[in-house]
1. Distance from a point 7 Å along Cα→Cβ of D167 to each backbone N in region 124-139: keep the residues under 11 Å and list them by number.
2. What is the extension gain from R77 to D13, computed as 0.36 nm multiplied by their sequence separation minus the C-alpha to C-alpha distance, in nm to one decimal?
3. Computed from the coordinates I sent, log10 I(q)/I(0) by the Debye sum over Cα atoms at q = 0.12 Å⁻¹ equals one of (1) -0.74; (2) -0.69; (3) -0.89. Tell me the label.
4. Do the sum for the chain: with -39,500 (n - 2.57) for every DSSP H run of n ≥ 4, divided by all residues, what is the mean residue ellipticity at 222 nm, to the nearest 500 deg cm²/dmol?
5. Could you calculate the FRET efficiency of R141 with A109 from 1/(1 + (r/R0)^6), where r is the beta carbon distance between them and R0 is 25 Å, rounded to 0.05?
6. With Kirkwood's inverse mean 1/r over C-alpha pairs for Rh, give me the Rg to Rh ratio of region 80-168, two decimals please.
7. Which residues does a label at M130 reach in region 156-174, if reach means a backbone N under 17 Å from a point 7 Å past the Cα toward the Cβ?
8. In nanometres, what is the gap between the two model label sites at T61 and N117, each 7 Å from Cα along Cα-to-Cβ?
Amino acid sequence: MQKPLVMTVLGKDRTGLVESLASLVAEHGGNWLESRMCRLGGEFAGILRVHVPADRLAALTKSVERLHERGLMVTMRPDEAHATPAGQHLMSLELVGHDRPGIVRQLTAALASRGVNVEEFSTECVSAPMSGETLFKAEARLLVPETCDPQKLRDDLEKIAADMMVDLRIASVS
């Protein structure tokens, strides 16, 4: 029997870090299913989903504890994946504009006020092609409840975009 797990990883970035995790999962008969990982500043952060044979879980847990001695914090939790509830639908959001404090707060406050769950969220600051000014970019995958009027959500977000003078695209995901 396979045990589904979600693991989070945090530590100083270094060569071979992901390989050491992959080796650890493989050594315990696990299957690496999906992950999101990146380096921000000098830190490495990741989240991954794996299946491990139930009879190997204790050994994997012990091996993960040894990673703490090497400066890598790893947590493991049971994967309690749930299907998208009926009546909810996915939307994508993209935002690009001049960087300034408060963009994420305003955006997420509008989403939360409508009961929208942020499924995925990534942001970055990049140099504008011609001017070299700093641009803020955000991409999100949103789970919108059936109680939320998509047009009212769109109106809320477009008002924020106009106030912040950023470009915004929001669309339903099929």
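Each value in this text was obtained by applying a stated rule to the coordinates, not by laboratory testing. Predicted model only: the values in this text are computed from it and were never measured. Don't worry about glycine lacking a Cβ; one is built from the backbone with ideal geometry, like all the others, and counts go over all protein chains shown.
1. 129
2. 20.8 nm is the gain from fully extending R77 to D13.
3. (1)
4. -9000 deg cm²/dmol, from helical runs alone.
5. Working: r = 18 Å, r/R0 = 0.73.
E between R141 and A109, to the nearest 0.05, is 0.85.
6. Values: Rg = 14.2 Å, Rh = 13.9 Å.
Using only Cα positions, Rg/Rh for region 80-168 is 1.02.
7. Taking a point 7 Å out along Cα→Cβ of M130, the residues of region 156-174 whose backbone N falls under 17 Å are 166-167.
8. According to this spin-label approximation, the distance is 2.7 nm.
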